[in-house]
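A short worksheet on the structure shown next.
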């Protein structure tokens, strides 16, 4: 059984979470919330694996990582 991973990132300008990198063939997705993106992934990953004949078994180990960058301002002491 292969382990599949998806790295998600936040696009500040577009205000969406999106798939930045993945080893799932053909995976591209975005959503306005991280939870929404996870829901999309839970549906699309099995579909894409079936379409590409790479699914084996009923369970799919999926590692979902999130990445978000922030600028933190210092307050004067």
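The values are calculated or read from the model by the stated rules, or taken from the named source; none is laboratory data. Keep in mind that what you see is a predicted model, and the values were worked out from it rather than measured. Positions of Cβ are generated from backbone atoms using ideal geometry, with glycine treated the same way; all protein chains shown enter the neighbour counts.
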Residues satisfying the stated conditions in the stretch 54-72, i.e. under 23 Å from residue 16 (Cα atoms) and either over 21 Å from the mean Cα position of the chain (by Cα) or at pLDDT 90 or above (or both) = 62, 63, 64, 65, 66, 71, 72
Restricting attention to the stretch 12-34, and to residues there that are assigned to a strand (DSSP E or B) and in contact with a helix residue (DSSP H, G or I) (Cβ under 9 Å, 6 or more places away or on another chain), which single residue is surrounded by the most Cβ atoms within 10 Å (Cβ to Cβ)?
-> 17
In the stretch 26-53, residues that are within 14 Å of the chain's Cα centre (by Cα) and over 17 Å from residue 8 (Cβ atoms) total 1
Can you name the condition, by its number, that residue 39 falls short on among (1) under 16 Å from residue 5 (Cβ atoms); (2) without any contact (Cβ under 8 Å) to a residue 60 or more places away in the chain?
-> (1)
